[in-house]
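The values are calculated or read from the model by the stated rules, or taken from the named source; none is laboratory data. It should be emphasised that the depicted structure is a prediction, and the values quoted were computed from it without experimental measurement. Counting neighbours? That spans all protein chains shown, and the Cβs are built from the backbone with ideal geometry, glycine included. Side chains are part of the model used for accessible areas, which takes the heavy atoms of the whole protein and leaves out ligands, DNA and RNA. Shrake-Rupley method; radii C 1.70, N 1.55, O 1.52, S 1.80 Å.
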Amino acid sequence: MEAPVQERSIAYLADHLGRFLRKRERVLICFPEYKKGGLSWLMEQAVLRCGALPVVWGPDFRWKTLLRMAFSTKASAIIGAPLIVLGLTKLKKAYATPLYIRRVVTAGYPCVDWMIDGIVKGLDCEVGGCFSLGLEGVVAGFACGHSWGVHLWDEAYGADIVDGNGSILPAGEVGEVVLYPKDRPTLRCPMGENARLETAPCACGCSAPRLMDFAPGRATDPDLAALGQYLQSWTSILDCRLNKGECGLEMEIVVFPGEKLPKLPTAAKLVIRPWDPEHDEPFWYVPRGKIPETGGEDD
């Protein structure tokens, strides 16, 4: 990402985070990688600009380290990928660890209602959200509140909702989200997930279009998505990895010993193992696509 684009993204994030964060509070930033220009780096710069104190997870990305940092720093806010924040709430419960987090901003991929519900229940917090392309450092919107949708960064990005043939659907209809930068509209990025575009005024006062009701798109196996939600909703399961291989369903599930487990489907390959604090890092998931570097008539 070029420096002017980075500066605009930092300013945009600082504007929105500044309404959410408090001066000089410690903010834990937890994504499974850190690089200049990436999402974690942009969040760090924006938090500094808000007058808060960023605490960045890494280079040790174990679950154990995340829990220790959240406790020892007394962070009162956290910015991170939703399933990682959800995993932190499960660690908090399993080890009866007092945390001070009261504000959560999710980013990296959609934070759907069941994730939000688990985070709110686990941390007794308020939740906001940032719309981005995985960890690539492309920030395209911000949520104004739970269940109100995600406002696009209207000055920088637009989005179309398309059907299976790529035809643009009218506002309000559900289809695949295709994101594009407004200064290079031919650089179109299919997001791999479905939503609907809402153009009616929002209760928050923002007039930018909103993406509502995110759901897995055609690039996601619906059976695996449903199974992942079912498993991740259990506090006894810290993490899981699912795949459909040549021989059938493959599952690796990391659990807290002694906790009740859900009924599991038959799998060709099933690994259930206790959490290993000395080695386990969060499983990562296929991120959204990224804006192509070239494309169309603007080249």
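For the reader, a short list of remarks on this structure follows.
- So Arg196, is it charged (D, E, K, R), closer than 24 Å to Asp221 by Cβ and either surrounded by 14 or more Cβ atoms within 10 Å (Cβ to Cβ) or at pLDDT below 95 (or both): yes
- Residue in the stretch 52-63 that is at pLDDT below 95, open to solvent by 20 Å² or more (accessible area, probe 1.4 Å), touching a Phe, Trp or Tyr at 6+ places or on another chain (Cβ under 8 Å) and not acidic (Asp, Glu) present: yes
- Among the residues of the stretch 99-136, not one is open to solvent by 20 Å² or more (accessible area, probe 1.4 Å), within 18 Å of Glu25 (Cα to Cα) and small (Gly, Ala, Ser).
- Checklist (1) crowded, with 18+ Cβ neighbours inside 10 Å; (2) at pLDDT 85 or above applied to Arg288, failing item: (2)
- From Lys93, Lys35, residue being more than 26 Å from Trp148 (Cα to Cα), modelled with pLDDT of 95 or more and of a type in the set (Lys, Arg): Lys93
- Selected residue (criterion: nearest to Ser40 (Cα to Cα)) from residues of the stretch 3-18 that are aliphatic (A, V, I, L, M) and in contact with a Cys (Cβ under 9 Å, 6 or more places away or on another chain): Leu13
- Residue within the stretch 164-171 that is of a type in the set (S, T, N, Q) and either open to solvent by 20 Å² or more (accessible area, probe 1.4 Å) or modelled with pLDDT of 90 or more (or both) present: yes
- Filter result for the condition that a residue is surrounded by fewer than 20 Cβ atoms within 10 Å (Cβ to Cβ), of a type outside the set (Asp, Glu) and closer than 25 Å to Ala140 by Cβ, over Arg49, Arg68, Arg24: Arg49
- Filtered residues of the stretch 137-148 (kept if within 16 Å of Arg210 (Cβ to Cβ) and surrounded by fewer than 23 Cβ atoms within 10 Å (Cβ to Cβ)): Cys144, Gly145, His146, Ser147, Trp148
- Complete set of residues in the stretch 137-188 that are over 20 Å from Val105 (Cα atoms), among the hydrophobic types (A, V, I, L, M, F, W, C) and assigned to a loop (DSSP other than H, G, I, E, B): Ala156, Leu169, Ala171, Leu187
- Some residue of the stretch 79-90 being in contact (Cβ under 8 Å) with a residue 12 or more places away in the chain, in contact with a helix residue (DSSP H, G or I) (Cβ under 8 Å, 6 or more places away or on another chain), open to solvent by 20 Å² or more (accessible area, probe 1.4 Å) and not in a strand (DSSP E or B): yes
- Selection of first residues in the stretch 208-225 that are under 11 Å from Met191 (Cβ atoms) and part of a strand (DSSP E or B) and of second residues that are open to solvent by 50 Å² or more (accessible area, probe 1.4 Å) and among the β-branched types (Val, Ile, Thr), restricted to Cβ pairs under 9 Å at least 6 apart or on distinct chains, gives an empty result.
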